[in-house]
Structure formats: C-alpha cells, structure tokens
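Here's the structure, in structure tokens; my notes come after.
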Amino acid sequence: MTVSADLIGDAYSAAHVWDVLERLTDVESRAAGSDGEMEAARILAETFERYDCNNVERRQFSIPGWTRGRSALTVHGESDRQYDRSHQVLALPRSPAATVTAPLIDLGDGVPPEFAETDLDGAIVLVSSATPATSDRWIHRTEKYYRAVEAGATGFIFANEQVGCLPATGNVGSGDGAGAIPAVGVSRELGSRLARTCERGDPSVTLTVDCENERTTSQSVTATLGPETGPEVLVTAHHDAHDISEGATDNAAGCAVVTEVARLLATATRDLETRVRFVTFGAEELHLLGSEAWAAETDPETVRAVINLDGVGSSRDPVVSTHGIDAIGAAFEATSDDLGVPIELDDGLVPWGDQWPFVYRGIPGAMVTAKDDGDALRGWGHTHADTLDKVDRRDLRALAVPTTAAVTELLAAEDVDRRSPEEIREAAVEEGHAEGMRMTGVWPWESASQD
C-alpha cells in the first residue's frame, strides 16, 4: 500500500495526535513504576482500542523503582551556603540515599583524559553535561558517573549546559540496582558558581540525597494491525518520563506520533499485507528496561524491523539513525522523494533508545528523532522545561506522515537486510562505543576477547 492523498489530508487536518499529546502531558508524573506511568499506559491502550487496533494489551514487568526525596548541596566556608531548591539541585534517578562531605574537584567536561590525569579519591566530582567538540564521540552522563566511581569519588555533581536554572536529571543506575555514590544534577548557573569556587581554592562541600530505591512494576502497551502472518514491523516509543516535568518532547510526542501512525494505517488495514505492531514501552528512562524485557522475549525471526520514535517534538525535520540497515534507509529515502520532505539519514549505531535492545540482538532497527538546531544535545529534555508549550502541533503532523509512509515502504519491501549480533558488536567497537558502554555496565556482549 501507499500513503494516499486522502490519508495525508486527514493527518494534516485532524487533531487526534495533539489530543493524545495533551492527555499524556496532563498526567502529573509518568516516572517509571508510578501511578502516572500506569495512567499513561491506560490512555494509550484506550487510544489504540478507539482506533480499532487488534490485540490491545498491557504487559507488566518488575523494575528497580526509585522515588525522589530532598536533595541539598552545602558549600563550606566562612559562612556556609546551602543550595536545596529544585531549580538548583536535583537527585539523579537511582542515586543511593546518602550524605557525604568531601573536597570538591571541578573536572570540566569530564572526558576520559581528565579522569585519568586527576586524583579523585575521596572527592566529590563536578562535571559538565557538555561533550567538547574535540572529542571523537559523545560522552554520556552515565559514563562520566561510572568513571567517577572507578576513580574513588564519593559523590557526583552533573552541571547542565542548558541555560535557565534547569538542572538536568537522568538515570545513574546500572542493571538491576542503584548507583554506587550519591549523584545530583545542578543548573548551569549553579555549576558555574561551583566552578568559580574551585578556582579560588579547594572547597569542601556536603552532598545530601534523600530517596528510596525499592522494586516496583512498570508496563508496556501493545496493539496490532494487519494479518497475523510473516515477520511484523514494530513502531515504538516510550511513555515514561522523568518525574520533574511533563515529558512533552521526551517522549509524549513520540507516543502521540505512534498512535497517529496506527490511526492512519487503520483506515487502510485491508491493504496491509504484513502485520504492524505498535508498542509503547515503560521504564526507558531507567536505561531501556521495558524494551530490554520485550526484546529478550522476542524471536528475532518474527520481526522484520523496528522503527522507534524518541525526542520527536522539537522540530518537523526527522533524523533517522538506520544502524546500517540499507532497507530502512531506502524506505526513508523513498519517502523523502515521494513527499518532498527533508529526512536526514545516519547509518551509525545509537546504543541508547528503545530500538537498541533489538538491534544488538540482530533485529533491524532505526531511531527516529527530530533535528534540533539548538546547542544542547537534549534541548529541554530531562529538565523542568520539557512541557507542552515546547511542541508545535504542526511538527507532529509533519512527522506522522513520513513515518507512516516509511513504515508502508518497509511493509512492502521484498526483503530487509540484517546485521548479525557479531557485526553489530564489531561496529560498536569500530565506532568507539565499547569503552563507555563497558564502563557503565551496558555492554551487551559477554566476551570482550572477541573485540
């Protein structure tokens, strides 16, 4: 099937995609394992049912839950100064609860050579969220955290680069447990003040994190369209968000687009020759726990491809990371030509996002995000400012149409090429991901000797 002019007109004139986004962002908190995440799952299941999808269900799974309490940072001196307001300091999810007092060391951007050259034993380390232009790869927050742990630091402070008194949050746990040392995010403004304090001497600081780490339950939502024959195409997003914001761009917008693709394809379900499965995962923000649980129970031969939407709310220009799968790139190139819309392709690996647990198992997958011309990688994501007003409904409409068209191209493709788990591992090594992934405990291949 192809995307008809009537279907395109429907997508650009209907309000469905925006209505779903509003309902999700109206939920108080969609943190993994929370009542709000459960409500988001209910909204999405109800939406799939309303669009006449089949096999709508919610699948629960156990996760290491985390609940935020009070966080504070005290800089000691002639007169102590305490920072404990939410626009200054936030605990990072899966930080352990602790209070530590130690010297503060500013490690700048926190790239590997800075860790190697600095004695951090017994210190609290301050790093920026930025990755310098001189680095050959992006340095993730968790890599900086676990380098601090390995160096013997007793606390971790992550300073956001986004202006506006917006401390960034983000998971520091690994596997099924909490991190090893207390960790907080601070605003760019407070981070700059702390860096100046370090320039003037060797300050002592007290870092306090109050939180609870206890097991809880998350859930993913699934629905299907089309015949129950042959390998299926998955269209996915994650519905959980960080507890500090509405999670509009990360990732209510992605879920809204997934439901819109379902609505549009449901109008032509008789023309579908291959089944499409829609999945919104829980607990992505705790390092892909929902998609990991799903992929672990999936026979790779039953999936033709995975198209994952994450961070699509910041513009109408999609960027598609194909992980080197030619058929996926061809589907989006054909869509770009047919619709006359710009689509940027990248064939490198993206070892984060809910497509990754499928990709490293040898299942073809792509991550679709929106091109962001801002300086910060995440923009408003992971901050208090990730709110509905940051999304333009015209962007969602403009993203839903090419995504639907590319999915139809994949459904009609005679074959979708694959890269084996061994080939993906080799690519991860060649592209420089191995060191950081091993450091953070998320390298999915058991034997390092093969690398």
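Kindly provide the set of residues from the range 336-363 that are closer than 17 Å to Val233 by Cα and more than 18 Å from the chain's Cα centre (by Cα), ordered by number.
Hits for the range 336-363 are Arg361, Gly362, Ile363.
Which condition breaks for Glu46 when tested against (1) outside any helix (DSSP H, G or I); (2) surrounded by fewer than 18 Cβ atoms within 10 Å (Cβ to Cβ)?
(1)
Out of the residues in the range 401-416 that are small (Gly, Ala, Ser) and at pLDDT 95 or above, state the one that is surrounded by the most Cβ atoms within 10 Å (Cβ to Cβ).
Step by step, filter the range 401-416, then rank; the result is Ala406.
Given the criterion closer than 19 Å to Ala223 by Cβ and among the β-branched types (Val, Ile, Thr), identify the matching residue among Thr2, Thr67, Thr47.
Thr47
Given Ala237, Ala223, which one is touching a residue at least 12 places away in the same chain (Cβ under 8 Å), more than 17 Å from the chain's Cα centre (by Cα) and within 19 Å of Leu21 (Cβ to Cβ)?
Of the residues listed, the single one that is touching a residue at least 12 places away in the same chain (Cβ under 8 Å), more than 17 Å from the chain's Cα centre (by Cα) and within 19 Å of Leu21 (Cβ to Cβ) is Ala223.
Kindly list the number of the only condition in (1) touching a Ser or Thr at 6+ places or on another chain (Cβ under 8 Å); (2) assigned by TED's automatic domain parsing to the domain that holds Pro227; (3) β-branched (Val, Ile, Thr) that fails for Val407.
Among (1) touching a Ser or Thr at 6+ places or on another chain (Cβ under 8 Å); (2) assigned by TED's automatic domain parsing to the domain that holds Pro227; (3) β-branched (Val, Ile, Thr), Val407 violates only (1).
Restricting to the range 273-284, count the residues that are over 24 Å from Ala31 (Cα atoms), in contact with a strand residue (DSSP E or B) (Cβ under 6 Å, 6 or more places away or on another chain) and not charged (D, E, K, R).
Qualifying residue count for the region: 1.
Given the criterion among the polar types (S, T, N, Q), farther than 21 Å from Val320 by Cα and touching a Leu at 6+ places or on another chain (Cβ under 8 Å), identify the matching residue among Thr236, Thr269.
One residue alone meets the criteria, Thr269.
Could you tell me whether Gly353 is surrounded by fewer than 22 Cβ atoms within 10 Å (Cβ to Cβ), modelled with pLDDT of 95 or more and not in a strand (DSSP E or B)?
Against the criterion (surrounded by fewer than 22 Cβ atoms within 10 Å (Cβ to Cβ), modelled with pLDDT of 95 or more and not in a strand (DSSP E or B)), Gly353 does not qualify.
So Ser314 passes all but one of these: (1) of a type outside the set (A, V, I, L, M); (2) surrounded by 19 or more Cβ atoms within 10 Å (Cβ to Cβ); (3) modelled with pLDDT of 95 or more. Which condition number does it fail?
With (1) of a type outside the set (A, V, I, L, M); (2) surrounded by 19 or more Cβ atoms within 10 Å (Cβ to Cβ); (3) modelled with pLDDT of 95 or more applied to Ser314, the lone miss is (3).
Looking at Ala123 and the list (1) surrounded by fewer than 21 Cβ atoms within 10 Å (Cβ to Cβ); (2) outside the structural domain of Ala268 (by TED's automatic domain parsing), which single condition is not satisfied?
Exception for Ala123: condition (1).
Identify all residues within the range 134-146 that are more than 21 Å from the chain's Cα centre (by Cα) and either under 20 Å from Gly191 (Cα atoms) or modelled with pLDDT of 95 or more (or both); write none if there are none.
None; the set is empty.
Could you tell me whether Thr229 is over 30 Å from Ala15 (Cβ atoms) and touching a strand residue (DSSP E or B) at 6+ places or on another chain (Cβ under 8 Å)?
Judged against the criteria, Thr229 is not a match.
Would you mention how many residues in the range 54-92 are over 23 Å from Asn213 (Cα atoms), assigned by TED's automatic domain parsing to the domain that holds Ser220 and surrounded by 14 or more Cβ atoms within 10 Å (Cβ to Cβ)?
So the count comes out to 3.
Out of the range 262-296, which residues are closer than 26 Å to Ser95 by Cα and charged (D, E, K, R)?
Glu284, Glu285, Glu292 - these are the residues of the range 262-296 that are closer than 26 Å to Ser95 by Cα and charged (D, E, K, R).
Can you tell me which residue within the range 320-358, out of those that are in contact with a helix residue (DSSP H, G or I) (Cβ under 6 Å, 6 or more places away or on another chain) and among the small types (Gly, Ala, Ser), is farthest from Trp294 (Cα to Cα)?
Ala334
Working only within the range 263-278, note down all residues that are crowded, with 24+ Cβ neighbours inside 10 Å and aliphatic (A, V, I, L, M).
Leu264, Leu265, Val276
Residues Asp202, Asp240, Asp250: which one is acidic (Asp, Glu) and in contact with a His (Cβ under 9 Å, 6 or more places away or on another chain)?
Asp250
Residues Ala398, Ala427: which one is at pLDDT below 95, closer than 22 Å to Gln355 by Cβ and assigned to a helix (DSSP H, G or I)?
Ala398
The values are calculated or read from the model by the stated rules, or taken from the named source; none is laboratory data. The structure displayed is predicted, hence computed values, not measured ones. Positions of Cβ are generated from backbone atoms using ideal geometry, with glycine treated the same way; all protein chains shown enter the neighbour counts.
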